[in-house]
1. With the crude spin-label approximation of a point 7 Å out along Cα→Cβ, what separation in nm comes out for LYS11 versus THR103?
2. List TYR32, TYR68, TYR78 from most exposed to least, where exposure is judged by having the fewest other Cβ atoms within 10 Å.
3. Using a 7 Å offset from the Cα along the Cα-to-Cβ direction at both THR91 and ASP52, what is the distance between the two label points in nm, to one decimal?
4. Hey, how many Å between the Cα centroid of region 28-43 and the Cα centroid of region 2-26?
5. Of the listed values (1) 1.58; (2) 0.99; (3) 1.11, identify the label whose number matches Cα Rg over 2.2 N^0.38 Å calculated from this model.
6. Which lysines have a Cα lying under 27 Å from the Cα of LYS1, excluding residues fewer than 8 positions away in the same chain?
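Each value in this text was obtained by applying a stated rule to the coordinates, not by laboratory testing. Everything numeric here is computed off the predicted structure, so don't read it as measured data. Here the Cβ is made from the backbone with ideal geometry for all residues, glycine too, and neighbour counts use every protein chain on show.
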Amino acid sequence: KEVTKAKKVTKIKVCFTLTENSIAKPGNRIIYLRIARPDKEILPNPDGAMFDFEGNQILFSAKREIDYENKDVDMCIYWANTDKLTEGVYTVDLFSEGKLIGTATFALK
């Protein structure tokens, strides 16, 4: 069930489309999701694992591996909440192959 109140969030679902790209080589890809709280702190994955972005190791919230075949792919990544979230605007960033591939925001009351 979709909720907008911070105290009721049990998980965050981020859905997006990886679009066709004739230049990209087909194969396995890991898509990393970073969710930043209103205070810019990253909502962590359970292991505190990181990935490489522009020469730095940065924390991610969740990840998903896909087999990319140079076609549009609709997919979702879930982040399970284990703590209390705060009200405000959250920022979602998606990364693949060391590049930022998408950004969006959402608000919780």
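1. It is 2.8 nm.
2. Working: TYR32 26, TYR68 19, TYR78 13.
So the ranking, lowest neighbour count to highest, is TYR78, TYR68, TYR32.
3. Using points 7 Å along Cα→Cβ, the separation is 2.4 nm.
4. Spelled out, the Cα-based centre of one part sits 11 Å from the other.
5. Derived directly from the coordinates: (3).
6. Answer for LYS1, where 27 Å is the Cα cut-off: LYS11, LYS13, LYS40, LYS63, LYS84, LYS109, listed by chain and number.
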